[in-house]
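A.B. asks: Below: one structure in structure tokens.
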Amino acid sequence: MSGVPRASETAMPDTAAKTDQIPVTVLTGYLGAGKTTLLNRILTEQHGRKYAVVINEFGELGVDNDLVVDSDEEVFEMNNGCICCTVRGDLIRIVGGLMKRPGRFDGIIIETTGLANPAPVAQTFFVDETVRTRTRLDAIVTVVDAKNLPARLADSHEAADQIAFADVIVLNKTDLASAEELAEVERRVREINPFATIHRATRGDVPVTALLDQGAFDLERVLAHTPDFLDDDAHEHNEDVASMSFEVTRPIDPERFNAWIGALLAAEGQNLLRTKGILAYPGEDRRFAFQAVHMMADGDFVGPWKEGAPRHSRIVFIGRNLNRPQLRRGFESCQVKE
Amino acid sequence: MSQAASADHLLETRGVQRTLGAFVVAAAFDRTGTAAFALGDGSLQLLHGSEWRSVAAHDGAVLALTADPAGPGFVSGGDDGRLMRTARDGTVAEIARFGMKWVEHVAGFADGKSAVLACAVGKQVHLFDGAGVALKTLAHPSTVSGLAFDARGKRIAASHYNGASLWFVASKSDNPRLLEWKGSHTAIAISPDGDSVVTAMQENALHGWRLSDGQHMRMSGYPGKTRSLSFTRSGKWLATSGAESIVLWPFTGGGPMGKAPTELAGAAEVICTAVACHPQMEAVAAGFADGVVLVADIASGRLLPVAGPGRGPVSALGWSADGARLAFGTETGFAAVVDFSRT
């Protein structure tokens with residue numbers, strides 16, 4: 001597997017190079033949730049900004065934009081030993097092609113099919129060197145039909161996966177749901193994904209500033225939205241997607257952490273949809289940010305700890321069949337000895 | 001003389017150069033010796049002698065370029081979904097259009113008698129005769145990522161997910177020989193003797209098939225992806241990009257299996273981004289991420305510097321048919337033709 005980072009090899013990211021990277025927004029959501037309506041809304045509101053839009057041929061509605069790329073979603077398995085490591089081959093090709101056009105795009109927006117699992121898109125940004133250097137995954141935006149979400153969660157894996165991977169969730173068609181239904185839907189969404197920012201909407205009326213330029217995959221912002229600590233054990237050991245977070249007070253030994261997380265992702269990577277952590281290493285004034293999509297992991301030092309604030313390390317898992325005691329013991333054992 | 005000056009000596013004394021301002025996607029010579037550079041802004045820049053001509057060929061980026069197999073001029077594919085023919089005088093004519101799908105690869109073959117033209121659009125390869133009349137369409141299981149005719153123009157190979165397909169151009173039946181290997185294959189080459197097909201893979205490795213006995217060949221160890229691969233004229237060597245040197249795999253005496261490749265022109269931290277084997281001699285032109293262009297003589301390992309660093313990562317290389325001139329271009333829009341012939 002590529003990528004469980006080693007603390008000794010990391011360096012501060014090259015900020016100059018980063019600003020040249022074109023932000024990519026992934027727009028996902030179940031059939032009929034209102035993805036294309038939202039997409040057209042983004043495009044009409046963005047006067048003077050240039051976007052390349054990648055759609056698939058099964059799109060229900062037309063997309064009004066100068067540059068629309070029609071692509072077949074091609075999910076390719078990688079020969080790198082991880083069974084769950086897949087990439088979107090079409091995106092690698094399309095990004096390579098778009099980079100040849102002169103003049104900068106302000107961004108690329110990728111609309112996935114309703115049944116798409118967002119993991120291959122996200123993993124493409126970890127795996128492919130060209131995609132990694134030329135673009136950055138800005139955010140995964142998931143559009144959810146507020147009225148029909150409970151039914152979708154009951155009858156498909158994909159609906160939960162799309163919420164689990166989201167950085168921003170647009171709870172759409174809220175005019176069709178009652179206040180109680182909305183509260184319940186938000187609770188279900190939070191249970192699956194405590195990080196995502198939720199926006200309520202009708203016909204996709206969310207300000208564009210809440211969707212684009214989120215920097216949600218920046219390590220700096222990995223835990224910007226501090227999730228509530230839920231001590232709700234109701235969803236352990238079952239097929240539902242759930243999230244769990246853990247916090248420890250003593251510094252983390254980088255070698256132990258690398259060994260533990262490497263083995264954990266190798267063994268449980270298929271069940272672990274997303275993992276995010278902020279770690280305090282001994283004698284290090286900067287925070288170490290860690291994130292993973294299934295088995296693909298990435299990490300780097302980000303800004304310093306706040307002066308005077310406690311340097312507590314935390315990690316959050318979103319996935320299926322999470323074993324709370326085992327995860328807690330594992331994370332706790334990564335601390336330096338007392 | 002400073003080092004930079006000596007590295008640019010050939011470019012300055014024997015070159016015609018220009019800053020074109022857009023990504024140079026490909027460079028090629030037609031049969032009369034006119035050079036063309038295909039650009040990301042949709043234009044072809046033709047160079048005849050020292051005279052430049054800009055031709056608006058595509059509405060979008062040009063993605064692929066080849067010499068017109070039917071006569072003087074060029075054929076190009078673009079992200080506007082069109083396959084275009086450009087004459088030396090700059091006249092442009094559409095051969096075919098494919099809607100929203102990109103025309104990502106083109107290839108041509110000509111011998112004295114006939115000409116065949118191929119382009120890849122999504123999962124399909126379309127074949128045309130020299131006049132641009134559609135001959136047939138070859139369907140693949142996934143998007144075609146590379147195209148190559150064999151040296152006699154009898155067969156065409158297309159790389160795609162999980163392997164490659166090898167078709168007889170003139171065959172009435174539409175069944176390819178499937179060359180299978182799991183994974184994403186991203187470029188393809190056929191050896192001059194027609195017995196080896198090699199693809200570049202997503203995992204920074206090459207895969208090859210020896211057609212006569214079905215032997216698989218694995219060539220790995222690249223720090224980056226191989227985008228460019230080219231057999232020498234004799235077929236003894238396969239030159240490849242993707243490492244901090246020109247990596248040459250030996251295809252003699254049983255093939256590259258179990259052998260170490262020859263590495264030429266190694267430079268720490270600078271990836272070789274393009275290679276093009278000389279059409280007559282056992283030599284290879286190579287371009288690097290720092291803009292360096294050189295020609296390496298394989299037997300002696302001698303290096304001939306063509307251009308020094310600083311003009312952008314080399315993205316296109318092409319030899320004239322007689323091997324006297326080399327065209328190269330960079331991602332940042334620098335283009336040049338250098339003449340090696342004795343004067």
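A.B. asks: Take peptide A:65-76, look around each residue's Cβ out to 10 angstrom, count Cβ atoms belonging to other protein chains, and average those counts.
C.D. replies: 3
A.B. asks: Tally Lys and Arg at +1 and Asp and Glu at -1 over the other residues with C-beta under 12 Å from the C-beta of B:GLY329: what net charge comes out?
C.D. replies: Cβ neighbours under 12 Å give a net charge of +2.
A.B. asks: Using the Cβ atoms and a cut-off under 13 Å, what net charge is assigned to the surroundings of B:MET84, where Lys and Arg are +1 and Asp and Glu are -1?
C.D. replies: That works out to -2.
A.B. asks: Evaluate the relative contact order of segment B:24-139 (contact order divided by residue number), counting alpha-carbon pairs under 8 angstrom at least 6 apart; express in whole percent.
C.D. replies: Computed value for segment B:24-139: 17 percent relative contact order.
A.B. asks: Using the Cα centre of segment A:238-332 as the reference point, and only Cβ charges (+1 on K/R, -1 on D/E), how large is the resulting charge dipole? Debye, rounded to the nearest 20.
C.D. replies: Rounded to the nearest 20 debye, it is 220 debye.
A.B. asks: When the scattering of the protein assembly as shown is computed by the Debye formula from its Cα atoms alone, each counted once and equally, what is log10 I(q)/I(0) at q = 0.05, 0.11 Å⁻¹?
C.D. replies: With one equal scatterer per Cα and no solvent, log10 I(q)/I(0) is -0.26, -1.15.
A.B. asks: To make sure I understand, if each residue's beta carbon is the centre and we count other beta carbons within 10 Å, what order do A:ILE140, B:ILE298 fall in, fewest to most?
C.D. replies: Ascending number of Cβ neighbours within 10 Å: B:ILE298, A:ILE140.
A.B. asks: What are the ³J(HN,Hα) couplings of segment A:153-167, residue after residue, when phi is run through the Karplus curve with 6.51, -1.76, 1.60 and θ = phi - 60°? Round to Hz, x for glycine and proline.
C.D. replies: 5, 6, 10, 8, 5, 5, 4, 5, 4, 5, 6, 4, 8, 6, 9
A.B. asks: Another one. Mind jotting down the three principal axis lengths of segment A:78-154 based on Cα atoms? Whole angstrom, largest first.
C.D. replies: 44, 36, 17
A.B. asks: Also, quick follow-up: Could you check how many percent of all C-alpha pairs in segment B:49-112 are farther apart than 18 Å?
C.D. replies: Beyond 18 Å sits 33 percent of the P(r) for segment B:49-112.
A.B. asks: With a cap of 15 neighbouring Cβ atoms within 10 Å, and only residues DSSP puts in a loop, list the trypsin sites (Lys or Arg not before Pro) found in segment B:89-122.
C.D. replies: Passing sites in segment B:89-122 are B:LYS113.
A.B. asks: Find the percent of Cα-Cα distances in segment A:15-220 that exceed 20 Å, and round it to a whole number.
C.D. replies: Of the Cα pairs, 55 percent sit more than 20 Å apart.
A.B. asks: Below 15 Å Cα-Cα, how many Lys pairs turn up in segment B:106-221? Only count pairs eight or more apart in sequence, or on different chains, if you could.
C.D. replies: Lysine pairs satisfying the spacing and distance rule in segment B:106-221 number 5.
A.B. asks: Taking springs between alpha-carbon atoms closer than 10 angstrom, which of B:SER245, B:SER184, B:SER234 fluctuates most in the Gaussian network model of chain B?
C.D. replies: B:SER234
A.B. asks: Could I ask something else about it? Based on the alpha carbon coordinates of chain B, what radius of gyration and maximum Cα-Cα distance (Dmax) apply, in Å?
C.D. replies: 18.9, 63
A.B. asks: Considering every residue in A:90-103, what mean count of other chain Cβ atoms within 10 Å of its Cβ is obtained?
C.D. replies: 5
A.B. asks: For B:LEU304 and A:ASP106, what is the calculated FRET efficiency with R₀ set at 51 Å and r taken between the beta-carbons, to the nearest 0.05?
C.D. replies: FRET efficiency, B:LEU304 to A:ASP106: 0.75.
A.B. asks: Compute the signed sum of charges (Lys and Arg +1, Asp and Glu -1) over the other residues within less than 11 Å, Cβ to Cβ, of B:VAL270.
C.D. replies: Net local charge, B:VAL270 excluded: -3.
A.B. asks: For B:ALA187, what residues show an amide H to amide H distance below 5 Å, using hydrogens built from the backbone and excluding near sequence neighbours?
C.D. replies: B:ALA200
A.B. asks: Sorting check: for A:64-76, B:313-325, which peptide has the highest mean count of neighbouring beta carbons within 10 Å, and how do the rest follow?
C.D. replies: B:313-325, A:64-76
A.B. asks: Could you give the spread of the C-alpha atoms of segment B:24-139 along their three principal axes, from largest to smallest, in whole angstroms?
C.D. replies: For segment B:24-139, the Cα extents along the three principal axes come out at 42, 34, 19 Å.
A.B. asks: For a Förster distance of 56 Å, can you work out the FRET efficiency between the beta-carbons of B:HIS48 and A:LYS337, rounded to the nearest 0.05?
C.D. replies: Result of the calculation: an efficiency of 0.15.
A.B. asks: Sequence neighbours fewer than 8 away in the same chain don't count; with that in mind, list the lysines whose C-alpha is under 26 Å from A:LYS173.
C.D. replies: By straight Cα distance, A:LYS173 reaches A:LYS35, A:LYS147.
A.B. asks: Moving to a separate point now. Using a Gaussian network for chain B with springs between C-alpha atoms less than 10 Å apart, which of these wobbles most: B:ALA164, B:ALA118, B:ALA268?
C.D. replies: Highest fluctuation among the options: B:ALA268.
A.B. asks: Using the count of nearby Cβ atoms within 10 Å as a rough guide to exposure, how do A:ARG88, B:ARG152 rank from fewest to most?
C.D. replies: B:ARG152, A:ARG88
A.B. asks: Pulled fully out, how much extra length does the chain show between A:THR249 and A:TRP305, if you take 0.36 nm times their separation in residues and subtract their Cα-Cα distance?
C.D. replies: That works out to 18.8 nm of additional length.
A.B. asks: Hey, how many Å between the Cα centroid of segment B:207-268 and the Cα centroid of segment A:124-166?
C.D. replies: 39 Å
A.B. asks: Something else: Taking other Cβ within 10 Å of each residue's Cβ, how do B:ARG227, A:ARG329, B:ARG311 sort, fewest first?
C.D. replies: A:ARG329, B:ARG227, B:ARG311
A.B. asks: Shifting gears a bit: I need two numbers for segment A:238-332: Rg to one decimal and Dmax as a whole number, Cα atoms only, in Å.
C.D. replies: Cα radius of gyration and Dmax of segment A:238-332 are 13.2, 42 Å respectively.
A.B. asks: In whole percent, what relative contact order does chain A give with Cα contacts below 8 Å and a gap of six or more residues?
C.D. replies: 20 percent
A.B. asks: Hey, got the dipole for segment B:135-252? About the Cα centre, +1 on K and R Cβ, -1 on D and E Cβ, debye to the nearest 20?
C.D. replies: 260 debye
Values quoted throughout were computed directly from the atomic coordinates according to the rules given, and no laboratory measurement underlies them. Since we're looking at a predicted model, the values are computed, not measured. All Cβ positions, even for glycine, are placed from backbone atoms using ideal geometry, and neighbour counts span all protein chains on display.
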